[in-house]
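Undergrad: I have a structure I would like to understand better, so I am pasting it below and will then ask my questions one at a time.
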Amino acid sequence: MTKKPLHYRTLEAFSGYLMVSPWVIGFLVFIAGPMVASLYQSMTVWDLFTAPKWVGFQNYTKLFTNDPVFITALRVTSIYAFASVPLQVLVGLILATLLNQKIRLQSLFRTTYYLPSVIGGISTAIIFRWVFGSQFGILNYFLGLLGIEGPRWLGDPNWVVVSFIIMSLWGAGSSMLVYLGALQGIPTELYEAAEVDGAGSLLKWLRITVPLVTPAIFLNMVMGIIEALQEFVIPQTMTNGGPANSSMFIVLYLYQNAFQFSQMGYASAIAWILFIYILILTALIFRSSSAWVYYEGATKGK
């Protein structure tokens, strides 16, 4: 093959760099630059009105040794994430399995279950404030018909996070859609062979369906953990962290420090702790995937 002239290769390289320059500039200006700035700010005391004062790791030390609200926010956020994400995975997979059957009005049911996931967060929060109302809430009304006295839900420190976990199932339709796509790719011959061996519906679901949709489960788990740990709109709209900080999420606490208490340096430290927390959990999920995620065509069984 004839080697291209130097001027042609130079022009080709320049054209390539020119094409990617908008992304590179955008990354440096809107992502890398702000990250470096926030890392510096996290080691300062800055109230937005005076010059930042360097304090080193003092903000980070205070977070873990002298800030009980942050510890509460970390605990509440973790409980919510570790409970809501598996529930969404399970409910989404069950819905997808049911809606993958040949039934009448299949498209209507799929649309109906998916539609709630596209409704905005504030709208959803307003709806569920009515659902979880302690005196005139819909949920307590139906519990009363069964002779059960419902809790105060959003007004009870022991039930407020449970309310958010239940509410998170409202968006299970988005994960259901991913599972439906994965289910469409499972060969029907596998189910037919299992039926010949006498396998029932539950056994086929556990031994064929679940292993073959583990890539979709993995995707939904990673995205779900990242989203759950950054939950903000729902607690801010419904309880604003109350009662008694029992629904104080990390991002809500970050927002309060930054824009209500004007402690931008302290808020930046919270942001970096959250970033590292998400990074560690995501890395652990990726590390564990080799033990339970099955990819079609893999040479080694899981």
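What follows is calculated from the coordinates using simple rules that are stated; it is not laboratory data. All figures in this text were calculated on a predicted structure; none of them were measured in a lab. Every residue, glycine as well, gets a Cβ built from its backbone with ideal geometry; the counts of neighbours run over all protein chains shown.
Undergrad: Can you compute the charge dipole magnitude of the range 58-292 about its Cα centre, using +1 on each Lys and Arg Cβ and -1 on each Asp and Glu Cβ, nothing else charged? Give it in debye, rounded to the nearest 20. Let's see the in-between values first.
TA: Working: 10 positive and 9 negative charges, 34 e Å.
Here the range 58-292 has a charge dipole of around 160 debye.
Undergrad: Oh, and also: In the Gaussian network model of the chain, springs joining C-alpha atoms below 10 Å, which of Val196, Val131, Val213 carries the largest mean-square fluctuation?
TA: Of the options given, Val196 has the highest mean-square fluctuation.
Undergrad: Related question: Compute the distance from the alpha-carbon center of the range 15-37 to that of the range 115-134, in whole Å.
TA: Taking the Cα centre of each part, the range 15-37 and the range 115-134 sit 37 Å apart.
Undergrad: What size of dipole, in debye to the nearest 20, comes out for the range 88-212 about its Cα centre when the only charges are +1 on Lys and Arg C-beta atoms and -1 on Asp and Glu C-beta atoms?
TA: Here the size comes out at about 300 debye.
Undergrad: Could you list Phe218, Phe132, Phe14 so that the one with the fewest beta carbons within 10 Å of its beta carbon is first and the one with the most is last?
TA: Phe14, Phe218, Phe132
Undergrad: How many nm is it between the label spots at Val162 and Val45, if each spot is 7 Å from the Cα in line with the beta carbon?
TA: Distance between label points: 4.3 nm.
Undergrad: Let me ask something else about it. Let a ≥ b ≥ c be the square roots of the eigenvalues of the Cα gyration tensor of the chain; is it rounded (a/c under 1.5), or, if not, prolate (a/b larger than b/c) or oblate? Intermediate results must be reported in sequence, preceding the final value.
TA: On the way: a/c = 2.15, a/b = 1.07, b/c = 2.01.
Verdict is oblate for the chain.
Undergrad: Moving on to the next point. Which value in nm describes the separation of the simple spin-label points at Arg75 and Leu279, placed 7 Å from the Cα toward the beta carbon?
TA: Each label point lies 7 Å from its Cα, and together they span 2.7 nm.
Undergrad: Provide the packing ranking of 20-32, 77-89, i.e. peptides ordered by the mean count of other C-beta atoms within 10 Å per residue, highest first.
TA: 77-89, 20-32
Undergrad: Would you order Met19, Met176, Met35 from fewest to most other beta-carbon atoms within 10 Å of each residue's own beta-carbon? Can you show the working numbers first?
TA: Details: Met19 9, Met176 26, Met35 13.
Fewest-to-most ranking of Met19, Met176, Met35: Met19, Met35, Met176.
Undergrad: Right, next: How high is the FRET efficiency from Ser107 to Ala32, r the C-beta distance, R0 45 Å, rounded to 0.05?
TA: It comes out at approximately 0.50.
Undergrad: Under 5 Å between amide hydrogens, which residues at least 5 positions from Val293 or on another chain qualify, with H placed 1.01 Å from N in the peptide plane?
TA: none
Undergrad: Right, something else. Any idea how many Lys pairs in the chain come in under 23 angstrom at the alpha carbon, given 8 or more places apart or on separate chains?
TA: Lysine pairs meeting both conditions in the chain amount to 4.
Undergrad: Turning to a different aspect of this structure: Can you list residues whose amide H is under 5 Å from Gln263's amide H, if they're 5+ apart or on another chain and H is modeled 1.01 Å from N?
TA: Excluding prolines and chain starts, which carry no amide H, the hits are Ala258.
Undergrad: Next question. Would you order Leu90, Leu279, Leu139 from fewest to most other beta-carbon atoms within 10 Å of each residue's own beta-carbon? Numbers along the way, then the final one.
TA: On the way: Leu90 14, Leu279 11, Leu139 18.
Listing Leu90, Leu279, Leu139 from fewest to most nearby Cβ atoms yields Leu279, Leu90, Leu139.
Undergrad: Right, another one. Kirkwood hydrodynamic radius of the range 201-289 from all distinct Cα pairs, in Å?
TA: After inverting the pairwise mean of 1/r, the radius is 15.3 Å.
Undergrad: Just subtract the alpha-carbon distance of Leu169 and Tyr141 from 0.36 nm times their residue separation and send over the number in nm, one decimal. Intermediate results must be reported in sequence, preceding the final value.
TA: On the way: separation 28, 0.36 × 28 = 10.08 nm, distance 2.03 nm.
Length gained between Leu169 and Tyr141: 8.1 nm.
Undergrad: Moving to a separate point now. Return the FRET efficiency for the residue pair Ala199, Asn66: r is the Cβ-Cβ distance, R0 is 51 Å, and the value is rounded to the nearest 0.05.
TA: After rounding, the FRET efficiency stands at 0.30.
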